[in-house]
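A quick write-up on the structure given underneath.
Each reported figure results from applying straightforward, stated rules to the coordinates on display, with no laboratory input. Predicted model only: the values in this text are computed from it and were never measured. Glycine gets a Cβ as well: all are built from the backbone with ideal geometry, and neighbour counts include every protein chain shown.
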Amino acid sequence: MSDTILVINAGSSSIKFHLFEVGPGDTLTARLGGQVEGIGSSHPRLRARDAAGQTMIERDIAPSHAADVPNAQEVVGMWLSGHLSGVPMAVGHRVVHGGPDLSEPVLIDDAVLAKLESYTSLAPLHQPNNLAPIRVIRERRPGIAQVACFDTAFHRSHDALADHYALPERFYQEGVRRYGFHGLSYEYLVQRLTQTLPEVVPGRIVAAHLGNGVSACAIRAGKSVDSTMGFTALEGLPMGTRPGRLDPGIVLWMMNQGMTHDEIEHLLYHDCGLKGLSGIGNDVRELLASDDPRARLALDYFAWRVAEGIAGLGCAMGGIDTLVFTAGIGENAAAVRAAICARLAWLGIALDDARNAQHGPRISTADSRIGVYVVRTNEELIIAQHTLDRVRGR
Ligand code: ADP
């Protein structure tokens, strides 16, 4: 019976799970992946596929069995126990916040868990959900090693200047810093580029993670030097349902209008961005297919502000040599990539339309001053690798 690593990514409305088999030489092979989605909604569903993409299960769950993350975790645990040929050797978790100190994945013990709980105020919507499965597994299966991998960790290589807001210093000391997120995705990209395009890695890369969450990261010599996301995952580029950059005076205005903290928070996380601008939704496929002018407005806004964010990251590195698109929109939406690159033509980016339509990997012309690529991200794999490394004491 071979060893396995389970990867859990527990968000606010979904729990994603992936199982990797540990082979000779500690190679990792994906065996299955799935999720419970719609947690807390009236239509929660459980889906899982095997490594070949064949559906293993796809069914509705009673809302009472997926009212919250701990609840839905029972569903995942029950289903997995019928499909695992033994107990996993370790579980790796995606944890959004490692605070100012944690710059690497860590094996979880009581002290680490207490530290992670203390960061809840930095990410009140996400950190409690990330930690819930860790606690349940510690109670029920104390013998299983668990590793926390942080979305912020890759950005801890920022210097103090990049981590600051122009606020009085006491706020920085209290933890109000530009942490940056999507770090696991960026770390995977660097690893993948090292394997497939080693010549670009020593240079100045901007990676654009365009999924439901959207950010871009300046990477010099393989290390993050700046990110468009800061204190929370609200800052920077427009997203599926989050606005990105916003005049803070707008939030003050909303408060003056009588909106409560919870109403503003809900608006900013769930009803803005592509969804808010278009009035249609946050799925780029739907917006691209629509002839509603509001869909066009949303896509045009997205392309402009993402291009602006990419160009701005050049200031952190004195220029850009390579641009990499990743995540759901970045990997699949050729028209969006084309619109972003058109706004960056003044930087010397020239897109090869045929290659872009085929999703790369290289999508720029041979004489484009900046090489542009599409690389598929794999956050689960990087979590599994870190988890195995920690368990092996590496
Ligand atoms: P998450 O941040 O939840 O992991 P993804 O990286 O899966 O999200 O990105 C999800 C988004 O990617 C969807 O909302 C959709 O807008 C976009 N997307 C996925 N597939 C396509 C496609 N074929 N064409 C255009 N956009 C796509």
* **Extension gain (nm, one decimal) between SER121 and ARG138, 0.36 nm per residue minus Cα-Cα** => 3.9 nm
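In whole percent, what relative contact order does the range 220-321 give with Cα contacts below 8 Å and a gap of six or more residues?
Relative CO of the range 220-321 lands at 28 percent.
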* Within 10 Å, count the other beta carbons around each residue, average over each peptide in 138-145, 149-156, 95-102, and list them highest first. => 149-156, 95-102, 138-145
* Add -39500 (n - 2.57) for each DSSP H run of 4 or more in the chain, then divide by its residues: what number comes out at 222 nm, to the nearest 500 deg cm²/dmol? -> -11000 deg cm²/dmol
* **Anchor LYS275: aspartates and glutamates whose Cα lies under 16 Å away (excluding residues fewer than 8 positions away in-chain)** => GLU265, ASP283, GLU286, ASP291, ASP292, ASP300
* Once the Cα atoms of helix 334-343 and of the chain are each reduced to a long axis, what angle between those two axes, in degrees from 0 to 90 to the nearest 10, is obtained? -> 40
* Asked: By how many degrees, 0 to 90 and rounded to 10, does the Cα axis of helix 127-140 deviate from the longest principal axis of the chain?
  -> 20
* Relative to the longest principal axis of the C-alpha atoms of the chain, give the angle of the C-alpha long axis of helix 293-317, reported between 0 and 90° and rounded to the nearest 10°. => 90
* Structure fact -> If SER64, SER2 are placed from fewest to most neighbouring beta carbons inside 10 Å, the sequence is SER64, SER2
* Size of electric dipole in the range 1-136: Cβ of Lys, Arg +1 and of Asp, Glu -1, about Cα centre, debye, nearest 20 -> 360
* Structure fact -> For 163-171, 289-297, 69-77, ranked highest to lowest by mean beta-carbon neighbours within 10 Å, the order is 69-77, 289-297, 163-171
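In the chain, what % of DSSP beta bridges are antiparallel (nearest 5)?
Among the beta bridges of the chain, antiparallel pairing accounts for roughly 70 percent.
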* **Cβ-placed point charges (K, R +1; D, E -1), dipole of the chain about Cα centre in debye, nearest 20** => 500
* **For the chain: relative contact order, % (alpha-carbon pairs under 8 angstrom, 6 or more apart)** => 13
* Structure fact -> Amide H proximity to ARG31 below 5 Å, modelled H, separation 5+ or other chain, gives LEU19, PHE20, GLU21
* Asked: At HIS359 and THR29, where each label point lies 7 Å from the Cα along Cα→Cβ, what is the point-to-point distance in nanometres?
  -> 2.4
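Which order do ILE370, ILE264 fall in if you start with the one that has the fewest other Cβ atoms within 10 Å?
The order, fewest Cβ neighbours first, is ILE264, ILE370.
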* Asked: What percent antiparallel are the DSSP beta bridges of the range 53-173, to the nearest 5?
  -> 25
* Asked: Within the range 26-48, whose backbone N sits under 16 Å from a point 7 Å along Cα→Cβ of ASP60?
  -> 37-47
* Using the alpha-carbon centroid of each, what span in Å lies between the range 76-95 and the range 104-148? -> 16
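Please rank TRP304, TRP346, TRP253, TRP79, fewest neighbouring Cβ atoms within 10 Å first, as an exposure proxy.
Ordered by Cβ neighbours within 10 Å, fewest first: TRP346, TRP253, TRP304, TRP79.
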* To do: For the range 1-133, calculate the relative contact order in percent as a whole number, restricting contacts to Cα pairs under 8 Å that are 6 or more residues apart.
  => 24
